[in-house]
1. So, counting K/R as plus one and D/E as minus one, what does the shell of residues with Cβ under 11 Å around GLU156 add up to?
2. Using Cα pairs under 8 angstrom and six or more residues apart, how large is the relative contact order of the chain, in percent?
3. Net charge near ILE69: determine it from the other residues with C-beta under 12 Å of the C-beta of ILE69, scoring Lys and Arg +1 and Asp and Glu -1.
4. If r is the Cβ-Cβ distance from THR10 to ASP265 and R0 is 30 Å, what FRET efficiency results, to the nearest 0.05?
5. Per residue Cα convex hull volume for the stretch 209-254, in cubic angstrom?
6. Rank MET126, ILE98, TYR109 by how far each Cα sits towards the positive end of the charge dipole of the chain (+1 on Lys, Arg Cβ; -1 on Asp, Glu Cβ) and give me just the farthest.
7. Run the numbers on the stretch 174-238 and let me know its relative contact order in percent, using alpha-carbon pairs under 8 Å that are six or more apart.
8. If R₀ is 45 angstrom, what is the calculated FRET efficiency for the pair HIS182 and LYS3, using the beta carbon separation as r and rounding to 0.05?
Amino acid sequence: MIKHLQDTFTLNNGVEMPGFGLGVYKVEDGSVAEEAVRTALENGYRSIDTASFYDNEKGVGEGIKNSGIPRDDVFLTSKVWNDEQGYTSTKQAFQRSIDKLGTDYLDLYLIHWPVKDTFVETWKAMEELYREGKVRAIGVSNFHVQHLEKLFANAEIIPAVNQVEFHPHLTQEGLRAFCHQHNIQLEAWSPLKRGQLLEEDIIQTIAKKYGKSAAQVILRWDIQHDVITIPKSITKERIIANADIFDFSLTDEEMNQIDAMNQNDRSGSNPDSFD
Ligand SMILES: NC(=O)c1ccc[n+]([C@@H]2O[C@H](COP(=O)([O-])OP(=O)(O)OC[C@H]3O[C@@H](n4cnc5c(N)ncnc54)[C@H](OP(=O)(O)O)[C@@H]3O)[C@@H](O)[C@H]2O)c1
């Protein structure tokens, strides 16, 4: 389990990835994205999660540059979007992303969703980008066991990361065990279920006990499960507070109580029925 904000997990290719980062889905490009990213980095974050689909890579890149934190000290993730998938178009999409971000490499490049007919070809392009040294690690997002098995049958490189929806209403036990078994690091998207979990009684009771917020309790639960978490916020106070989770620990009983909140309930699409 990580003990500090900048602590890392060692991915299956030896690359170190911070266990905590800032997500920027639905963050407006330009000054809003620039400020959120800069604020996070100025306050100790070292990992930023964007995607071509978020349409804010330019602002994210400016935030990194203006933070004064050297590029090599920031772990930068982007993703290839569904209509960019396929061998040639993935390579073109990658180039567009790094151009907008103002960098010449990514730390992690993910297939955003398992688009049925194209994800195998997409992965071939990702493997080449990795071998060429343009990305330090490659991974997937929203891949269920069946998608991973299809990928394994066609891949030379096992994904380093699988980024999936994960929160107390969607604890992903089967997928977590499968990824663990195959040395694929799980990463949580919508860890706060986009704010929908903050009034839950169990979370509120635990939060009161520790003098922490509901968001901090949920993010701490991620960390204690060894799941990388990337809460999104554009609010300075929340960006700072969300990362202030390394001074308390949930007991086993509290972890179990939160686990038991699972409803297999998604806030986003289901990758099994997604096309
Ligand atoms: N791979 C994928 O398919 C996928 C899908 C979805 C998301 N993601 C990634 O995961 C990241 C996080 O997921 P998300 O943005 O969907 O949702 P989230 O992080 O679960 O929730 C973000 C929402 O919670 C609010 N919030 C943040 N901290 C809070 C706090 N301490 N107290 C109260 N409210 C708080 C934010 O508001 P303010 O911003 O107004 O403060 C925002 O409305 C994304 O930004 C993206 O990077 C990936």
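1. Its environment carries a net charge of 0.
2. Once divided by the residue count of the chain, the mean separation gives 19 percent.
3. Computed value for this residue: +1.
4. So, using R0 = 30 Å, E works out to roughly 0.40.
5. Hull volume normalised by residue count: 70 Å³.
6. ILE98
7. 38
8. 0.95
Only the coordinates and a few stated rules stand behind these numbers; no lab work does. From a predicted model like this one, the values you see are computed outputs, not experimental measurements. We place every Cβ from the backbone using ideal geometry, glycine too, and count neighbours over all the protein chains shown.
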